[in-house]
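Accompanying notes for the structure given below.
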Amino acid sequence: MSEEKSYFGLILWMAGFLIGTVLCMFLPESMMLRGVMQLCSLGICVLMGMIWHNEKIYWINGVEFEEALKATSQQRKRFAMRHLKIFLWFAIPYLLFSCLSWALGWSEWIDFSLGTVGVICCALATIPIKLS
């Protein structure tokens, strides 16, 4: 990790997320909400992957830059990977479920409800993770 604090990658991710959200408006109506929810669940995984790769764990709420700087590379990677795994364990099955529910013609509100609860549960599951 660089000794210089930078949020450039996070800003790029946020811009990409915003562009992706706008592009979802051009999906067919039956896919629009599903597209946004997939963007959310998979987008968080991409963000966590960026944090893991660049060791920018101070982008995660609750970790200060100075604390991240004092941690070893292995500690930063482990901390970020634990976050990434939690979100991946939800995002991949959710993607498969969403495709199945679309193919079966189920209401997109089922996907929306499951996606919202799933992302919130994942976020709550990361609270106990400590940098060690």
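The values are calculated or read from the model by the stated rules, or taken from the named source; none is laboratory data. Keep in mind it's a predicted model, so treat the numbers as computed, not measured. Don't worry about glycine lacking a Cβ; one is built from the backbone with ideal geometry, like all the others, and counts go over all protein chains shown. These accessible areas exclude ligands, DNA and RNA; they are computed on the full protein's heavy atoms, side chains included. Shrake-Rupley method; radii C 1.70, N 1.55, O 1.52, S 1.80 Å.
For segment 80-132, take N as its residue count and report Rg(C-alpha) divided by 2.2 N^0.38 Å.
Segment 80-132 yields a ratio of 1.33.
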Stokes-Einstein D in µm²/s, Kirkwood radius over Cα pairs - the chain at 25 °C with 0.890 mPa s viscosity: 155 µm²/s
Point-to-point label distance, Ile92-Val117, nm (Cα→Cβ direction, 7 Å offset): 2.3 nm
Distance in nm between pseudo-label sites at Glu3 and Ala103 (7 Å out along the Cβ direction from Cα): 5.4 nm
Degrees, to the nearest 10: 108-125 long Cα axis against longest axis of the chain: 20 degrees
Cβ-based net charge around Thr72, under 11 Å, with every Lys or Arg adding one and every Asp or Glu removing one: +3
Cleavage-rule hits, trypsin sites (Lys or Arg not before Pro), segment 43-132, DSSP coil, Cβ neighbours within 10 Å at most 14: Lys130
Mean Cα-pair separation over length for the chain, i.e. relative contact order, pairs under 8 Å, 6 or more apart, %: 29 percent
Solvent-accessible surface (1.4 angstrom probe) belonging to Trp109, in square angstrom, nearest 10: 150 Å²
Estimated D of segment 6-76 in µm² per second, where Rh is the Kirkwood radius over Cα pairs and Stokes-Einstein applies at 25 °C, 0.890 mPa s: 181 µm²/s
Cβ-placed point charges (K, R +1; D, E -1), dipole of segment 1-75 about Cα centre in debye, nearest 20: 240 debye
Unit charges at the beta carbon, dipole of the chain: most positive-side option, Leu33, Leu95, Tyr58: Tyr58
Anchor Lys5: lysines whose Cα lies under 23 Å away (excluding residues fewer than 8 positions away in-chain): Lys56, Lys70, Lys77, Lys130
